[in-house]
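Chemist: Next up is a structure, given as structure tokens.
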């Protein structure tokens, strides 16, 4: 029973991790809690869905329930959501900051933006669940008492690949290093000639793209609905803060831990409280070690 | 090279810390800015680097007016800045610190990195280690090496010898002298007034946000008023 | 027909007063103390359910429903909310601004989940019904009753408004203002700055609990779906639109925002076919969201705010 929960937790955790990376960097670099981030997951899922409506999810390739078309849809959705994230920043957050807004005003504006984004989805699509594919999948029993769907495994592998690529980007590319520098010490980064606006722009684009992928993966397992992102909001924050804001490995480990905690706790707790689990993790982290697991810097 | 006139600047608009300061530095010169705590010396450097609010005055690098430019543009114009604290990226390795310092450098990056390692062999040994593991003196070396990555025409340092052992202090000052000889204009703010003046060509004495005295290093060292300011009454006010 | 409109207006005014009371509470927390409470709905819910459980007629399967007098319910609602706020505040007050927002948001979500899932206590998704309305026997017609309740609410809100204005001019209030405005005051006060903040947080939340009790005793029933995050957002909208830091603004904002909400709801109901009700509701929310964001961008001071929500020069 617990091994199944563990497995489920890892799969959910991978999705949370992808979403949490964006939240983590936004918290560290822009220093504000972006309540609208979760809606980027939802938009990513639906944008991919639009594409799939036109070209279909593709015939199942191998053990997974879809073909390359779904992956193409995911990539397209990632690009569009990246632009959406950037647009929201340019239209709302940037403008507020340039007027000397208090950082908490941004949080509130994010709350408002989240509502608008989510309800635009409801406006176009209604509340019903949608599916990328109607293919039914057989679960495989990989260990005694542990059943997994091939889709879940595929998503996990894909998520790992994305994280690896991101890690390479952050470690070796000029822009990636600039992001890490800005995350640690903004004024020193500026003294190196790093342009703050450029780093912020890159952060939004990456956040949006990652959120979209997380949304598509969540929509795949097993369905898309307007609350898909919102339901993960607390988990995303919990993972980002648990792992230590501004840290890629932190967001990944945080995501996995939150996913596992969520699923393992279901063994003992009424499933109706599932959403509260990440919040309890978050509260625990905020009280006892707000700097997170992987933070190497001082926390204010 | 650097010409700053009547600078009014501070951390918050409307609450200036620098009240109309003017300084100039020529290439191949080492210029020290000394004065009591809270006099606004660090803020002046930050104003030139564009890191604080510049309310009025004019700052020029050669003929380029940098008064209203953003920090990254100022760095691009040939300014290098070493802050007093948090002057290295502790989560990055030494190698990465230098690479980030060379963010604006294209094409020559590898060559400049090697040159930095030649100038500071100790850094070369530890290049794969996180900057967090360095001692105070080593961090200072890294901080200076990092700022030199862009080959600045003007290098500004905020208290480069703070907290360092005397032998290391000497080393830092002789590095700076050598830099000046190679053509860079060096401007430093220093608490270690006497040692700084000995290593400099000229100096400015700062008090209450602006210039109080200036002259060649020799003049200032021999000046009884200067001696009084440093050995006598230190300014009571401390700005957070 | 005129009676119908008048009746509706009275009902509308009652809701405005209720929500205005919640907004006054939030104003104390944010406008005067600088605490970003993103869990308003949670405290509102605690007050509402406490009152409901204590005063509703006894029913099978419920833990509570003691059938207690109205005033007991109200007092208990305030006490429970105060206690909850005190506990929550102890944990969260010292958090950095946006972390406080996340924490209080999570708390409200958790409270809402409890109201939804702990069926034995709260009736789950069915909620609690047959909550007695005070003096309902005395007034025959709904209109008469609503007028009475309007008078009751007006008196309560006036009393609270007066009390808040007095408190804020008192020494306690002056310290609060200093903490909000001046970082050095915070440093000088040290730990006791936190105590003041906690007190303001508890007091503000108590007002929200009071409003919750008054709300359920007006409507007569309560369900978990009355306390979704959108409620928190609506209250914040009221504060921002009215102008935070200003009690008049809080009440004015409640009127304006609720008017927009009700008007857009009515328009949507008229124009959108019932089959698309959910999408119609979405339009309402989008409208409010846009009003908010536009307000922040173009008139951050709010309608009558003395101090812009937007400008604070000392960074967090």
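The values are calculated or read from the model by the stated rules, or taken from the named source; none is laboratory data. As the structure is a computational prediction, the values presented were derived from the model and not from experiment. Positions of Cβ are generated from backbone atoms using ideal geometry, with glycine treated the same way; all protein chains shown enter the neighbour counts.
Chemist: Does residue A:209 qualify as being under 15 Å from the mean Cα position of the chain (by Cα) and at pLDDT 95 or above? Give the derivation first.
Modeler: Values: under 15 Å from the mean Cα position of the chain (by Cα): yes; at pLDDT 95 or above: yes.
Yes; evaluated as a whole, the condition is true for this residue.
Chemist: What's the total number of residues in the range A:27-42 that are assigned to a helix (DSSP H, G or I) and more than 12 Å from the chain's Cα centre (by Cα)? I'd like the intermediate steps shown before the answer.
Modeler: Of the residues in the range A:27-42, the ones assigned to a helix (DSSP H, G or I) are A:27-30, A:37-42.
Next, from what is left, pick out any that are more than 12 Å from the chain's Cα centre (by Cα): A:27-30.
Total satisfying the criteria: 4.
Chemist: Looking at the range C:158-165, is at least one residue farther than 27 Å from residue C:29 by Cβ, more than 14 Å from chain A (Cβ to nearest Cβ), touching a helix residue (DSSP H, G or I) at 6+ places or on another chain (Cβ under 7 Å) and not in a loop (DSSP other than H, G, I, E, B)? Walk me through how you get there before you give the answer.
Modeler: If we filter the range C:158-165 for residues that are farther than 27 Å from residue C:29 by Cβ, which is where we start, we get none.
No, there is no match, as no residue in the range C:158-165 is farther than 27 Å from residue C:29 by Cβ, more than 14 Å from chain A (Cβ to nearest Cβ), touching a helix residue (DSSP H, G or I) at 6+ places or on another chain (Cβ under 7 Å) and not in a loop (DSSP other than H, G, I, E, B).
Chemist: Tell me, please, whether a residue that is farther than 21 Å from residue A:190 by Cβ, at pLDDT below 90 and within 14 Å of another protein chain (Cβ to nearest Cβ) can be found in the range B:32-43.
Modeler: No: the range B:32-43 contains no residue that is farther than 21 Å from residue A:190 by Cβ, at pLDDT below 90 and within 14 Å of another protein chain (Cβ to nearest Cβ).
Chemist: Moving to a separate point now. Could you list, in sequence order, the residues of the range A:196-229 that are out of contact with any helix residue (DSSP H, G or I) (no Cβ under 7 Å at 6 or more places or on another chain) and over 21 Å from residue A:181 (Cβ atoms)?
Modeler: Answer for the range A:196-229, where residues must be out of contact with any helix residue (DSSP H, G or I) (no Cβ under 7 Å at 6 or more places or on another chain) and over 21 Å from residue A:181 (Cβ atoms): A:222, A:223, A:225, A:227.
Chemist: Being in contact (Cβ under 8 Å) with a residue 60 or more places away in the chain and under 13 Å from residue A:189 (Cα atoms) is the filter here, so list the residues in the range B:49-74 that pass it.
Modeler: B:49
Chemist: Criterion first (buried (at least 16 other Cβ atoms within 10 Å of the Cβ), more than 14 Å from chain A (Cβ to nearest Cβ) and part of a loop (DSSP other than H, G, I, E, B)) does residue B:164 satisfy it?
Modeler: Details: buried (at least 16 other Cβ atoms within 10 Å of the Cβ): yes; more than 14 Å from chain A (Cβ to nearest Cβ): yes; part of a loop (DSSP other than H, G, I, E, B): yes.
Judged against the criteria, residue B:164 is a match.
Chemist: Further question on the same structure: With the condition kept exactly as written, say whether any residue in the range B:133-145 is within 12 Å of chain A (Cβ to nearest Cβ), crowded, with 22+ Cβ neighbours inside 10 Å and touching a residue at least 60 places away in the same chain (Cβ under 8 Å).
Modeler: Within the range B:133-145, one or more residues are within 12 Å of chain A (Cβ to nearest Cβ), crowded, with 22+ Cβ neighbours inside 10 Å and touching a residue at least 60 places away in the same chain (Cβ under 8 Å).
Chemist: Shifting gears a bit: For the range A:183-200, which residues satisfy the criterion of being closer than 21 Å to residue B:152 by Cα and surrounded by 22 or more Cβ atoms within 10 Å (Cβ to Cβ)?
Modeler: Matches in the range A:183-200: A:188, A:189, A:190, A:191, A:192, A:193, A:194.
Chemist: Condition first: assigned to a loop (DSSP other than H, G, I, E, B) and at the interface with another protein chain (Cβ under 8 Å from one of its Cβ atoms). Now tell me which residues in the range C:70-118 satisfy that.
Modeler: Step one: filter the range C:70-118 for residues assigned to a loop (DSSP other than H, G, I, E, B), giving C:93-96, C:118.
Matches in the range C:70-118: C:95, C:96.
Chemist: Can you name every one of the helices (runs of 4 or more DSSP H) wholly within the range B:182-240 that holds 1 or more residues which are at pLDDT 80 or above, surrounded by 14 or more Cβ atoms within 10 Å (Cβ to Cβ) and on the phi < 0 side of the Ramachandran plot?
Modeler: Working: elements: B:193-199, B:217-222, B:224-231.
Filter on the range B:182-240 gives B:193-199, B:217-222.
Chemist: From the list A:141, A:135, pick out the single residue that is modelled with pLDDT under 85 and within 30 Å of residue C:275 (Cα to Cα).
Modeler: None of the other options fit; the residue is A:135.
Chemist: Quick check on this structure: which one of C:36, C:12, C:62 is closer than 15 Å to residue C:240 by Cβ, at pLDDT below 95 and in contact with a helix residue (DSSP H, G or I) (Cβ under 9 Å, 6 or more places away or on another chain)?
Modeler: Details: C:12 fails: closer than 15 Å to residue C:240 by Cβ; C:62 fails: closer than 15 Å to residue C:240 by Cβ.
Exactly one of C:36, C:12, C:62 is closer than 15 Å to residue C:240 by Cβ, at pLDDT below 95 and in contact with a helix residue (DSSP H, G or I) (Cβ under 9 Å, 6 or more places away or on another chain), namely C:36.
Chemist: Let me ask another. Out of the residues in the range B:81-98 that are surrounded by fewer than 22 Cβ atoms within 10 Å (Cβ to Cβ) and more than 8 Å from chain A (Cβ to nearest Cβ), which is nearest to the chain's Cα centre (by Cα)?
Modeler: Across the range B:81-98, the extreme among qualifying residues is B:84.
Chemist: Inside the range B:19-46, can you point out the residues that are more than 20 Å from residue B:217 (Cα to Cα), over 12 Å from the mean Cα position of the chain (by Cα) and surrounded by 21 or more Cβ atoms within 10 Å (Cβ to Cβ)?
Modeler: B:40
Chemist: Of these, B:78, B:101, B:136, which one is over 14 Å from the mean Cα position of the chain (by Cα) and under 28 Å from residue B:60 (Cβ atoms)?
Modeler: Numbers: B:78 fails: over 14 Å from the mean Cα position of the chain (by Cα); B:136 fails: under 28 Å from residue B:60 (Cβ atoms).
That would be B:101, the only listed residue that is over 14 Å from the mean Cα position of the chain (by Cα) and under 28 Å from residue B:60 (Cβ atoms).
Chemist: Also: Give the residue, chosen from A:57, A:63, that is assigned to a loop (DSSP other than H, G, I, E, B) and surrounded by fewer than 18 Cβ atoms within 10 Å (Cβ to Cβ).
Modeler: Working: A:57 fails: surrounded by fewer than 18 Cβ atoms within 10 Å (Cβ to Cβ).
Residue meeting the stated conditions: A:63.
Chemist: Turning to a different aspect of this structure: Mind checking which residues of the range B:1-18 are surrounded by 17 or more Cβ atoms within 10 Å (Cβ to Cβ) and outside any loop (DSSP other than H, G, I, E, B)?
Modeler: B:2, B:4, B:7, B:8, B:9, B:10, B:18
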